[in-house]
1. Ignoring ligands, DNA and RNA, what percent of the 1.4 Å accessible area of the chain is carbon and sulfur?
2. What is the local net charge at Tyr147, summed over the other residues whose Cβ is closer than 11 Å to its Cβ (Lys, Arg +1; Asp, Glu -1)?
3. If I take every Cα pair under 8 Å that is 6 or more residues apart in segment 99-176, average their sequence separation and divide by the length, what percent do I get for the relative contact order?
4. Pull up all non-local amide H partners of Thr349: gap of 5 or more, or a different chain, and H-to-H distance under 5 Å with H placed in the peptide plane.
5. Which residues' amide hydrogens lie under 5 Å from the amide hydrogen of Lys36, considering only partners 5 or more residues apart or on another chain, with H built in the peptide plane?
6. Could you pull the accessible area for Ser204 with a 1.4 Å probe, rounded to 10 Å²?
7. What is the calculated FRET efficiency for Arg180 to Ala261, with r their C-beta to C-beta distance and R₀ = 60 Å, to the nearest 0.05?
8. What is the distance, in nm, between label points placed 7 Å from the Cα along the Cα-to-Cβ direction at Leu49 and at His131?
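The values are calculated or read from the model by the stated rules, or taken from the named source; none is laboratory data. What you see is a predicted model; the values in this text were computed from it and never measured. So basically every Cβ, Gly included, is an ideal-geometry build from the backbone, and we count neighbours across all protein chains shown. Note: accessible area is taken over every heavy atom of the protein model, side chains too, but ligands, DNA and RNA are not part of it. Shrake-Rupley method; radii C 1.70, N 1.55, O 1.52, S 1.80 Å.
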Amino acid sequence: MSAAPLKGLKVLELSHTVMGPTAGLVFAELGADVVKVEPAPQGDHTRGLGGFAAGFFAAFNRNKRSLALDLKHPEGQAAMHRLAATVDVVIENYGPGTMERLGCGYDTLSKINPRLVYLALKGYLAGPYEHRPALDEVVQFHVGLAYMTGPPGRPLRAGASIIDMLGAVFGVVAAQAALRERETTGKGQRVGSALFESAAFLMSTHMAGMTATGLPAEPMPARRGAWAIYEVFPTDDGELFIGVTSDQQWTRFVEEFGLQALAADPRLATNLMRCHERPWLIPALKEVVAALPSAEVARRCERANISWAPVGQPADLFTDAHLLATGGLLDVFISRAGGAEGKKVGLPTVPVEFGTPRERPGLSRQPPRLGEHNAEVLGLAGFSPAEIAALAEKRVIVSAA
């Protein structure tokens, strides 16, 4: 097994922002040849975003080639049809009906390439909502994720585009399943994933818990915890999260922290009993932990073999010892233009490993410049140099300056 098990798979990615590019990134990082088909002449609008989204393009578009193609032009559509005949997968995450209006929807492309697996990433799967536009944050509010994340009365979106990314991964799973079925049937198919249904899936445990207990779901900051010690604890120089999730862990925890009186207290014999005692137990434990430095608390948790973590920030990951030791960060240039320019930083790779060596996916290409691989991609698809030149002259394809 190699860290590039999808080598030889050909993918066209027509996408923008987070969901589609994440799906393309997963394919690319696992070895597929992914060509990002950007709209000419401006390219993926993500290149020009600012604020918290300024890094979107660099974060999600490494290991890909760029073809800048005007699908509003008949010759651009014709070029896309020829390209689609040569690939295994097409990914798109444009609004409902967009690809059909551009003459590149599944019904059209599947006639050209019956083996094509067409991955449509949308806001909603089939149903009454399917024609609505959607955003990660919109569905977080819709399904109750924002309600469960924020404190009571203050719904709050999660601190990352988790639904875009989860929907992308579910989409890749569906595409892989379709590719596997194609080995038997010889035929491709349209598969889809969506933001709303991905977000709803995350609510499964809350829905099941409501049914099991007969109680309404409460926001996480006010939740009825399943574990008595599952808390952020202040130390004398910071904060750590500590989770004690079994009676065996409780025994080791109180021993490591010298809490013999608590160990002998009959009210604390089981996790369920300790949950009922949280109003006085947690303040008592916090008083003990607060007197110790973070490093000492961490050492004791390690010795007790219980779960703990520093209360970190995203910037901490640049220097995280575990990520640096295991190939978990890839050196990526951050710039809107793409290519080997801008500031180079380590970004997390796709979180998988392969084989006995536990090899991680690597970096083969920096995020591409707009249209950087026009001639290369079209040439491999059978376009002659004269045809490529004609497309460039008509501005059907464009290249970065």
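1. Roughly 59 percent of what the probe reaches on the chain is carbon or sulfur.
2. +1
3. 24 percent
4. Excluding prolines and chain starts, which carry no amide H, the hits are Leu329, Leu330.
5. Sorted by chain and number, the residues that satisfy this are Glu13, Arg65, Ser66, Leu67.
6. We get 50 Å² for Ser204.
7. 0.55
8. Going by the 7 Å Cα→Cβ label model, 2.7 nm.
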